[in-house]
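The values are calculated or read from the model by the stated rules, or taken from the named source; none is laboratory data. What you see is a predicted model, and the numbers here were worked out from it, not measured in a lab. Here the Cβ positions follow ideal geometry from the backbone for every residue, glycine too, while neighbour counts run over all protein chains shown. For the accessible areas, the whole protein counts, side chains as well, though only heavy atoms, and no ligand, DNA or RNA atoms are used. Shrake-Rupley method; radii C 1.70, N 1.55, O 1.52, S 1.80 Å.
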Amino acid sequence: MLKRAIGDYYFVADSSTGLTMRWGKTLQDNPIFAPVPELADISISNHCTKGCSFCYRNSSPNNEFMSVKDYCEVLDAMNHPLYGNVFQVALGGGEPLEHPDFLSIIEETSHRNIVPNFTTNGIHLNSKICEAIKGKVGAVALSAISVDEIQPDKISLLASEGIKTNIHYVLSSQNIEEATSVLNGEMNCCFEGVNAIVFLTYKPAGRAKSDFIVKKGEHLSAFIKALERKDVKRPKIGFDACFVPTLLCNTKISPELMDTCEGGFFSVYVDHNMNVSPCSFSGSKDCYSLKEHKFYDIWLNKFESYRHNNENNCKHSDCPAYKQCRGCCPYYPEITNCYDC
Ligand SMILES: C[S@@+](CC[C@H](N)C(=O)[O-])C[C@H]1O[C@@H](n2cnc3c(N)ncnc32)[C@H](O)[C@@H]1O
């Protein structure tokens with residue numbers, strides 16, 4: 001169990017379950033930000049041979065890998081001299097399983113008592129890899145844009161080693177009707193052995209066309225109606241932080257069960273060239289190289305104005321969720337589906 005108390009910021013995290021909790025001066029208070037990020041999202045490459053049409057990183061077979069040396073440098077830079085390191089990392093790319101040193105990266109992470117998680121297209125997942133990562137990773141996410149893409153053999157491989165497996169379902173205007181059927185419990189057979197389906201908001205970056213952004217309308221309304229159903233059996237579901245304004249504004253789900261956008265406040269993104277930014281969708285904005293700046297100079301000082309400007313971007317102070325929300329995404333406001341911002 002990791003326990004952290006820094007001024008008015010309190011954090012506990014259980015590496016065996018992945019459960020994390022934070023609070024401020026009192027249990028009712030939310031701290032503004034974490035003096036040590038809780039999670040680092042790290043792209044360990046931009047190399048991938050799959051060529052997904054929706055890839056926001058525009059990854060290709062380009063041999064752009066972060067070296068193990070650079071990776072260790074990133075982890076060690078995040079290790080605060082007084083307060084310790086991030087609790088967990090979310091490894092992405094590129095395709096993590098096409099990184100020639102993927103297993104060393106997992107080892108280096110768990111040696112430092114940091115929980116490694118990763119997301120993959122699953123193609124290269126095999127029993128050897130599952131055996132090697134067993135007991136070391138928090139969870140593995142398999143990416144999909146349709147249930148047809150879900151690979152039951154890969155889920156079984158992970159399940160046989162007791163590895164928690166989530167599906168990262170990238171929700172777009174192209175698949176929202178299928179996703180609604182998933183929420184209505186009509187496709188449960190495709191998710192056997194899966195811990196949870198996490199719906200990721202489709203972002204129009206890289207190869208992802210802006211035509212496929214989820215827009216307000218009957219399909220989104222049906223999706224939201226389905227997600228609020230309590231009378232249906234289905235796998236556990238979750239959402240990325242980008243979907244939270246839509247949930248806060250359009251559902252009766254308790255705001256206390258939701259965390260707003262964490263990027264730059266509680267989590268940080270590092271790309272394969274050691275550039276640090278609030279989140280993986282920041283692009284070149286709010287981006288600082290670890291080759292030129294110390295990590296805590298970036299996190300505590302350089303990001304200060306980002307935090308100040310984005311603590312709450314909501315222009316609708318009459319919204320019942322105004323206090324809990326950060327409002328519109330600063331990078332892709334068009335993906336925020338509550339009010340017209
Ligand atoms: C770029 S992928 C790299 C990791 C790996 N190759 C994979 O397929 O999961 C990292 C994460 O971004 C998600 N993703 C990819 N393109 C996206 C987009 N346009 N909008 C939102 N999420 C996206 C993927 O589903 C995955 O969870």
Query - Lone unmet requirement of (1) under 21 Å from the mean Cα position of the chain (by Cα); (2) under 30 Å from ASP318 (Cβ atoms); (3) modelled with pLDDT of 90 or more for ILE253 - result: (3)
Report task. Kindly state which strands (runs of 3 or more DSSP E) lie completely within segment 74-156 and contain at least 2 residues that are in contact (Cβ under 8 Å) with a residue 24 or more places away in the chain, under 23 Å from LYS291 (Cα atoms) and touching a Pro at 6+ places or on another chain (Cβ under 9 Å). Result -> 88-92
Report summary line: Per the filter on segment 216-241, residues part of a helix (DSSP H, G or I) and either within 15 Å of ILE176 (Cβ to Cβ) or away from the ligand (no atom under 16 Å from the Cβ) (or both) are GLU218, HIS219, LEU220, SER221, ALA222, PHE223, ILE224, LYS225, ALA226, LEU227
Query - Scope segment 114-130; condition open to solvent by less than 40 Å² (accessible area, probe 1.4 Å), within 16 Å of SER59 (Cα to Cα) and polar (S, T, N, Q); matching residues - result: THR120, ASN121
Requested in this report: Check segment 206-214 and report whether any residue there is open to solvent by 20 Å² or more (accessible area, probe 1.4 Å), farther than 20 Å from LYS285 by Cα and charged (D, E, K, R).
Outcome: yes
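Every residue, every condition in (1) of a type outside the set (D, E, K, R); (2) open to solvent by less than 30 Å² (accessible area, probe 1.4 Å), yes or no:
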residue: LYS216; (1), (2): no, no
residue: HIS219; (1), (2): yes, no
residue: PHE223; (1), (2): yes, yes
residue: ILE237; (1), (2): yes, no
residue: VAL244; (1), (2): yes, yes
residue: THR251; (1), (2): yes, yes
residue: SER254; (1), (2): yes, no
residue: THR260; (1), (2): yes, yes
residue: SER277; (1), (2): yes, yes
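A quick yes/no check of all residues on (1) in contact with a strand residue (DSSP E or B) (Cβ under 9 Å, 6 or more places away or on another chain); (2) on the phi < 0 side of the Ramachandran plot; (3) open to solvent by 10 Å² or more (accessible area, probe 1.4 Å):
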position	(1), (2), (3)
ALA132	no, yes, yes
ALA144	yes, yes, no
PRO152	no, yes, yes
ILE155	yes, yes, no
THR180	no, yes, yes
ILE197	yes, yes, no
THR201	yes, yes, yes
Requested in this report: Kindly indicate the residue of segment 303-341 that is surrounded by 19 or more Cβ atoms within 10 Å (Cβ to Cβ) and outside any loop (DSSP other than H, G, I, E, B) and also farthest from the chain's Cα centre (by Cα) among those meeting that condition.
Outcome: ASN310
**Report entry** Selection from segment 1-51 of residues that are under 18 Å from PRO81 (Cβ atoms), assigned to a strand (DSSP E or B) and under 17 Å from the mean Cα position of the chain (by Cα)
**Finding:** ALA40
